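The values are calculated or read from the model by the stated rules, or taken from the named source; none is laboratory data. Everything numeric here is computed off the predicted structure, so don't read it as measured data. Because the Cβ atoms are built from the backbone with ideal geometry, glycine has one as well, and the counts that use them run over all protein chains shown. The area values use the complete protein model at the heavy-atom level, side chains included, leaving out ligands, DNA and RNA. Shrake-Rupley method; radii C 1.70, N 1.55, O 1.52, S 1.80 Å.
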Amino acid sequence: MNPTTTAVPDAPPAPRASRSAQYDAFHTARARTHLVARLYAEAMGEDYPTEVAASSSCDWPLLGLMTARLRMRPGQLLVDAGCGTGGIGLWLTRALALSLEGFDLSPVAVAQATDRRPRFGLSADRAAFRIATLEDTGLPDSSVHGIVCVDALGRAAGRDTALRELGRILAPGGRLVMTRATRRGTAPAWVEQARAASLMVEHVDERPAEPGLWERLYWLWLAHADELRSELGKDQAQNMLREAHQVLPTLPGRRAVLLTLRHPANGQVGPGAADTMTGPSRHLDERIWQ
């Protein structure tokens with residue numbers, strides 16, 4: 001879930017220029033104020049990673065889980081797919097002594113991510129950001145060792161196309177960790193989607209606290225509606241308030257997970273079952289429910 005990405009189920013995706021403009025306005029407005037970050041911090045409590053400051057469900061438990069699931073070695077290349085302002089990729093790159101390639105469809109987000117690089121002690125040769133989409137990364141085949149994609153797949157014009165593209169750039173033995181969500185009681189097509197991208201589902205980690213995070217955050221947005229309008233402007237505030245009203249009723253039925261997909265080292269994608277375990281702790285179909 002990412003603010004301003006609410007969509008009507010089965011509606012055709014907006015053109016890239018239109019999507020980019022929406023996110024440019026979103027990131028520009030949020031850079032003018034600390035109010036939204038304060039509301040995220042209040043909703044997450046002690047789980048809020050201040051330095052990351054992501055507009056997503058990224059908290060300390062998720063950072064720790066992604067670190068464990070990636071299993072990357074120093075010097076390897078990490079891709080932050082749909083990186084936004086870059087905090088997640090920058091934090092993981094510094095923590096694991098990696099190199100980073102981040103991309104986002106918003107030029108404003110890419111510029112903000114680039115500006116944040118020195119705060120993490122990373123130079124241009126360690127961390128680079130550029131404009132690209134999940135469906136067309138522009139990266140070579142089998143060129144990266146790990147990929148993170150947090151609350152971003154729902155922004156893709158085509159999720160299956162995006163997943164195949166991420167699978168294409170992932171080297172044999174590499175892992176893609178991504179947040180996904182579905183309705184409780186439904187059978188997600190994660191295994192089939194992974195197989196179509198020449199990947200296998202290695203882990204499905206439940207995130208039982210994630211729906212509660214969004215619930216607390218959305219009620220905070222509604223409670224601070226006047227301040228949001230004053231700080232962000234009418235249009236951006238209205239997008240956030242609309243999302244809160246639309247998604248809040250769906251949260252009791254939401255199942256959120258961290259999905260770890262692996263590119264098998266031997267190139268063979270078998271039908272084996274994923275390791276499913278309970279991890280720490282958009283109407284609203286998976287266009288919003290990542």
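What the table shows:
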quantity	calculated
Residues located in segment 202-220, provided they are of a type in the set (F, W, Y) and under 15 Å from the mean Cα position of the chain (by Cα)	W214
Any hit, segment 122-138, residues being within 24 Å of A68 (Cβ to Cβ), in contact with a Cys (Cβ under 7 Å, 6 or more places away or on another chain) and open to solvent by less than 30 Å² (accessible area, probe 1.4 Å)	no
Residue list for segment 91-108, filter: open to solvent by less than 10 Å² (accessible area, probe 1.4 Å) and of a type in the set (S, T, N, Q)	T93, S106
Any hit, segment 82-95, residues being more than 15 Å from the chain's Cα centre (by Cα) and over 20 Å from R130 (Cβ atoms)	yes
Subset of segment 171-189 (residues that are out of contact with any strand residue (DSSP E or B) (no Cβ under 6 Å at 6 or more places or on another chain) and either over 26 Å from T250 (Cα atoms) or hydrophobic (A, V, I, L, M, F, W, C) (or both))	P172, G173, A187, A189
Residues within segment 68-79 that are out of contact with any Lys or Arg (no Cβ under 6 Å at 6 or more places or on another chain) and closer than 21 Å to A128 by Cβ, tallied	8
Enumeration of residues in segment 233-257 that are of a type in the set (D, E, K, R), part of a helix (DSSP H, G or I) and under 21 Å from the mean Cα position of the chain (by Cα)	R242, E243
Given (1) under 19 Å from the mean Cα position of the chain (by Cα); (2) at pLDDT below 90; (3) surrounded by fewer than 17 Cβ atoms within 10 Å (Cβ to Cβ); (4) not hydroxyl-bearing (S, T, Y), index of the condition E51 fails	(2)
Near pairs, Cβ below 8 angstrom, 6+ apart or cross-chain, from segment 65-82 (farther than 17 Å from E202 by Cβ and open to solvent by 30 Å² or more (accessible area, probe 1.4 Å)) to any residue that is assigned to a loop (DSSP other than H, G, I, E, B) and hydrophobic (A, V, I, L, M, F, W, C)	P74/A97; P74/L98; G75/A97; G75/L98; L77/L98
